[in-house]
Amino acid sequence: MRAFIFDLDGTLVDTVYAHVVAWQQAFEESGFVIDGWRIHRRIGMSGGLFTRAVAREIGRPLTVAEQEQLTRRHGELYLQLLPVRRPLTGARDLLRRLHAGGVPFGIATSGVHPEIDASIDVLGVPPGIIVIDRGDVLRAKPEPDLFLACQERMGVRREDCYVVGDAVWDLLAARRAGMLSVGLLSGGYGEDELIKAGAFRVYRDAQELLDSLDELGVTLPA
């Protein structure tokens, strides 16, 4: 049976741009001015990988203390900017229909608790659904660890898994995990970027994915 592993930010919940603003403000408070689009290209990485990548944009490495401070401040600002989360179009229905139809799924995110708690709650994720966060693995995207950990905890074969994500980092990690991937445009990446990163199919959002599950060999009860 086919199974799904979902990214969270930009795939199921409308949080990508709040992350961009939070990171941008955190860097600015520390004296670094970075254009928002440069930050957006890095969303989906873990916080540590993200700060190291952005360090290349500012032209000098960040100390461990600076990385920790920026990551901590980003988390604080993010919770202030987005205390209430909004599911992306079709996300709640997609998860509900998969659960009702007996199709296994889990969530694997580079986010951490407590930042992701409100997102999980607003999606109405059923009890017992596997949720893997950054704290559960040694390496985050684009490494495959998050998806492999989710697949193992779900008890399904990796060749049966579709990874659904909105960023190239999701799709690269899925490729390295040996799983097919599905790209969604709801995080701001273009269709061509997602295809080049390895997406088997690209859909506008979770609603279009739900309407097109038959293209992936998944048939739900009416």
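The values are calculated or read from the model by the stated rules, or taken from the named source; none is laboratory data. Not measured: the values here are computed from a predicted model. When we count neighbours, we look across all protein chains shown, and the Cβ atoms used for this are built from the backbone with ideal geometry, even at glycine.
Tally up the residues in region 91-117 that are assigned to a helix (DSSP H, G or I) and out of contact with any helix residue (DSSP H, G or I) (no Cβ under 9 Å at 6 or more places or on another chain), please.
Final tally of qualifying residues: 4.
Suppose the filter is over 24 Å from W37 (Cα atoms) and exposed (fewer than 13 other Cβ atoms within 10 Å of the Cβ); does G102 pass it?
Taking the combined requirement at face value, the residue satisfies it.
From the set of residues in region 118-129 that are part of a loop (DSSP other than H, G, I, E, B) and out of contact with any helix residue (DSSP H, G or I) (no Cβ under 9 Å at 6 or more places or on another chain), which is surrounded by the fewest Cβ atoms within 10 Å (Cβ to Cβ)?
Checked region 118-129; the qualifying residue surrounded by the fewest Cβ atoms within 10 Å (Cβ to Cβ) is P127.
So which of V156, V182 ends up being of a type outside the set (K, R) and closer than 30 Å to T51 by Cβ?
V182
Quick check on region 161-193: of everything there that is of a type in the set (D, E) and buried (at least 24 other Cβ atoms within 10 Å of the Cβ), which residue is farthest from V137 (Cα to Cα)?
In the first step, residues of region 161-193 are kept if they are of a type in the set (D, E); the result is 166, 170, 191-193.
Next cut, buried (at least 24 other Cβ atoms within 10 Å of the Cβ) only: 166, 170.
Values: D166: 21, D170: 15 Å.
Here the residue is D166.
Is at least one residue of region 54-66 at positive phi, touching a residue at least 40 places away in the same chain (Cβ under 8 Å) and not hydroxyl-bearing (S, T, Y)?
No, the conditions are met nowhere in region 54-66.
Exactly one condition in (1) of a type in the set (A, V, I, L, M); (2) surrounded by fewer than 16 Cβ atoms within 10 Å (Cβ to Cβ); (3) under 14 Å from the mean Cα position of the chain (by Cα) is not met by A91; state its number.
Failed condition: (2).
Yes/no per residue for (1) outside the structural domain of P104 (by TED's automatic domain parsing); (2) within 23 Å of P114 (Cα to Cα); (3) touching a residue at least 24 places away in the same chain (Cβ under 8 Å):
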position: G135; (1), (2), (3): no, yes, no
position: D160; (1), (2), (3): no, no, yes
position: V168; (1), (2), (3): no, no, yes
position: L171; (1), (2), (3): no, no, yes
position: A177; (1), (2), (3): no, no, yes
position: E193; (1), (2), (3): no, no, yes
position: R204; (1), (2), (3): no, no, no
position: P221; (1), (2), (3): yes, no, yes
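Note down all Cβ pairs under 7 Å where the first residue falls in region 1-23 and is polar (S, T, N, Q), the second is at pLDDT below 95 and part of a loop (DSSP other than H, G, I, E, B), and they're at least six residues apart or on different chains.
T15/L82; T15/R85
Filter region 60-88 for residues that are buried (at least 17 other Cβ atoms within 10 Å of the Cβ) and among the basic types (K, R); which is farthest from I116 (Cα to Cα)?
Checking each candidate, the answer is R73.
Being outside any helix (DSSP H, G or I), more than 22 Å from F4 (Cα to Cα) and either modelled with pLDDT of 90 or more or of a type in the set (D, E, K, R) (or both): is that true of E57 here?
Considered against the rule, which asks whether it is outside any helix (DSSP H, G or I), more than 22 Å from F4 (Cα to Cα) and either modelled with pLDDT of 90 or more or of a type in the set (D, E, K, R) (or both), E57 comes out as no.
Within region 2-12, is there a residue that is farther than 30 Å from F200 by Cα and among the β-branched types (V, I, T)?
No, region 2-12 contains no residue that is farther than 30 Å from F200 by Cα and among the β-branched types (V, I, T).
Among L12, L94, L81, L98, which is the only one that is in contact with a Pro (Cβ under 7 Å, 6 or more places away or on another chain) and within 30 Å of L209 (Cβ to Cβ)?
Within the list L12, L94, L81, L98, the selection yields L12.
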